[in-house]
Amino acid sequence: MSFPTQRPRRLRGNPALRRLARETRIAPQDLIYPLFVRDAIGEPQPIESMPGHLQHTLESLTREAEAAIKLGVRSLLLFGIPSGKDPQGSGAWMDDGIVQRALRQLRDAFGSDALLIADLCLCEYTDRTLEIYQRIATSQAAAGADVIAPSGMMDGQVAAIRSALDHVGFTDRAILAYAAKYASAFYGPFREAAGSAPRFGDRRGYQMDAGNVREAVREARIDVDEGADIVMVKPALAFLDVIRAVAESTEVPVAAYNVSGEYAMVKAAAARGWIDERRVLREILLGIRRAGAQMILTYHAREVATDIPCWDDMG
């Protein structure tokens, strides 16, 4: 009996050879860690649907950031939860807004060791929305943000923000555009964490339809043309084909957001003993990277960075 000439299994039988032949790897520097900071609370508040995550005080935020940075996760995405809201969203651009204070505190604490990314979004529509985005972006940059991440899916938002940043001298600040943000059921835990559930209606009128891929490519190209330095697909797991399509159609780095619902499902199944959490996380993140994402925003960032040195022993 003759054996086949091509025998790919030769590269799988020895652990060291498997590691040597591995095509896709993840390192802590590939991860972006989303964090929530809340105004006017005395103690960190647990987020029930996201076990292990908190609405942080400024003090606990700094401790969490330090722990992540020590593990090599140096990119931090900040979501601010104000103590009150008004129709203009003025807390988003005030010098003493919660995100601005958090940015200054983290910059003072870690200097250039941290890459600070500020989420920029208003969950309402007004005639002056783009003007307000400009005010928020320049305020966040002045407070120390390295990257501005507009997440509202407003037409023209990237061009407006780029113009505003450049006008006041922040030409070195990058824009990470939520280029393809789908109207998704996977955002549920985030809306608890950020207190951003819509009071009426839904967001299907401006977030993308789950059935569309070509539209995502178009959105990404528009954002690049308007000045985006990085484009993002959100969520990640149900949209791996979209990540691939965007990566193949644009020249800028592509990010993918492993969102709160994806995090919560893994945690819930692991808590019941239904999955091996470590192995599942490894497969999820490798899958997102294989699809074409150069960076992954994930709530698992800190635990994964702790475990990455052990991944070679898992397969």
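The values are calculated or read from the model by the stated rules, or taken from the named source; none is laboratory data. These numbers were taken from a predicted model, which means no experiment stands behind them. Here the Cβ is made from the backbone with ideal geometry for all residues, glycine too, and neighbour counts use every protein chain on show. Just the protein is used for accessible areas: all its heavy atoms, side chains included, with ligands, DNA and RNA removed. Shrake-Rupley method; radii C 1.70, N 1.55, O 1.52, S 1.80 Å.
ARG221 satisfies every condition listed in (1) under 26 Å from PRO82 (Cβ atoms); (2) modelled with pLDDT of 95 or more; (3) open to solvent by 40 Å² or more (accessible area, probe 1.4 Å) except (1). Do we find a residue being in contact with a Pro (Cβ under 9 Å, 6 or more places away or on another chain) and open to solvent by 10 Å² or more (accessible area, probe 1.4 Å) anywhere in the stretch 201-218? Scanning the stretch 201-218, I find no residue that is in contact with a Pro (Cβ under 9 Å, 6 or more places away or on another chain) and open to solvent by 10 Å² or more (accessible area, probe 1.4 Å), so the answer is no.
Which residue is farthest from PHE79 (Cα to Cα), if the candidates are limited to the stretch 1-39 and must be open to solvent by 80 Å² or more (accessible area, probe 1.4 Å) and within 26 Å of the chain's Cα centre (by Cα)? The selected residue is GLU23. Quick check: is even one residue across the stretch 259-266 of a type in the set (Phe, Trp, Tyr), buried (at least 19 other Cβ atoms within 10 Å of the Cβ), at pLDDT 95 or above and assigned to a loop (DSSP other than H, G, I, E, B)? No, there is no match, as no residue in the stretch 259-266 is of a type in the set (Phe, Trp, Tyr), buried (at least 19 other Cβ atoms within 10 Å of the Cβ), at pLDDT 95 or above and assigned to a loop (DSSP other than H, G, I, E, B). Take ILE275 and tell me if it is of a type in the set (Val, Ile, Thr), surrounded by fewer than 23 Cβ atoms within 10 Å (Cβ to Cβ) and not in a helix (DSSP H, G or I). Answer is yes for this residue. Can we say ALA102 is surrounded by fewer than 17 Cβ atoms within 10 Å (Cβ to Cβ) and outside any strand (DSSP E or B)? When the stated conditions are applied, ALA102 does not pass them.
Only one of the numbered conditions (1) at negative phi; (2) at pLDDT 95 or above is not met by GLN207, and that is (2). Only one entry of VAL254, VAL304 meets the criterion of being surrounded by 17 or more Cβ atoms within 10 Å (Cβ to Cβ), touching a Ser or Thr at 6+ places or on another chain (Cβ under 8 Å) and of a type in the set (A, V, I, L, M), and that entry is VAL304.
Return the only residue of GLY156, GLY152 being out of contact with any strand residue (DSSP E or B) (no Cβ under 7 Å at 6 or more places or on another chain) and surrounded by fewer than 15 Cβ atoms within 10 Å (Cβ to Cβ). The conditions single out GLY156. Could you tell me whether LEU71 is under 20 Å from the mean Cα position of the chain (by Cα) and in contact (Cβ under 8 Å) with a residue 24 or more places away in the chain? Yes; evaluated as a whole, the condition is true for this residue. If a residue has to be part of a loop (DSSP other than H, G, I, E, B) and at pLDDT 95 or above to count, how many in the stretch 278-315 make the cut? Of the residues in that region, 5 qualify.
Would you check if ARG63 is of a type in the set (D, E, K, R) and surrounded by 11 or more Cβ atoms within 10 Å (Cβ to Cβ)? Yes.
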